[in-house]
Amino acid sequence: MLGGIGAFIASEISGAVRRNVIVYGLMGFAALLLLCAGGYALSALHTVLALRYGTAEASLFIAGGLLLAALIAFGIALYVKNRRRPARPIAATALVAAPLAAKLIGSGIGSGKAWRVALVGGVVVLGALLGRQFFTGGEAGDDEDES
């Protein structure tokens, strides 16, 4: 029974890892394509500005625009970094309940130690899965509440 649970958990983890690798690989490829498209757009803008104002002025305009975009992105990053995170009462409850559950399990129901360890492992895995579900479910609503 315990081997079946371990195999199930291993298959779930490998499936999640495989899916994440595919998703992040595609996101990286999309970011690369976006950078290439941005480079071509800047080249076209430089050509248009060079025809109208000259090459030096066109380069200065583009450099100034990139500097302004970088400063705006830096300001947004600082704002997001310093923004207060909402409280996670469910996660705090799970962290408090895990040692208590382990203590109750170890308090002497039966005499076998192996099944206690397996049960504690099951409680930890279940807590991790539930915690992950709460975290992913809670973050979708956090963006809607804040403006």
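The values are calculated or read from the model by the stated rules, or taken from the named source; none is laboratory data. Note that the coordinates shown come from a computational prediction; the quantities given were computed from them, not determined experimentally. Glycine gets a Cβ as well: all are built from the backbone with ideal geometry, and neighbour counts include every protein chain shown. These area figures cover heavy atoms from the full protein model, side chains too; ligands, DNA and RNA do not enter into them. Shrake-Rupley method; radii C 1.70, N 1.55, O 1.52, S 1.80 Å.
Quick one: which of PHE29, PHE8 is in a helix (DSSP H, G or I), closer than 26 Å to LEU66 by Cα, open to solvent by 60 Å² or more (accessible area, probe 1.4 Å) and of a type outside the set (A, V, I, L, M)?
Every option except PHE29 fails the conditions.
Any residue at all in segment 48-55 that is open to solvent by 100 Å² or more (accessible area, probe 1.4 Å) and modelled with pLDDT under 85?
No; the residues of segment 48-55 include none that is open to solvent by 100 Å² or more (accessible area, probe 1.4 Å) and modelled with pLDDT under 85.
Return yes or no: is GLU57 of a type in the set (D, E, K, R) and over 30 Å from LEU126 (Cβ atoms)?
yes
This table checks each residue for (1) at pLDDT 95 or above; (2) loosely packed, with under 12 Cβ neighbours inside 10 Å; (3) not hydrophobic (A, V, I, L, M, F, W, C).
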| residue | (1), (2), (3) |
| --- | --- |
| ALA77 | no, yes, no |
| ARG84 | no, yes, yes |
| ALA98 | no, no, no |
| ALA101 | no, no, no |
| VAL120 | no, no, no |
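With respect to SER43, determine if the residue is part of a helix (DSSP H, G or I) and under 25 Å from the mean Cα position of the chain (by Cα).
So SER43 fails the test.
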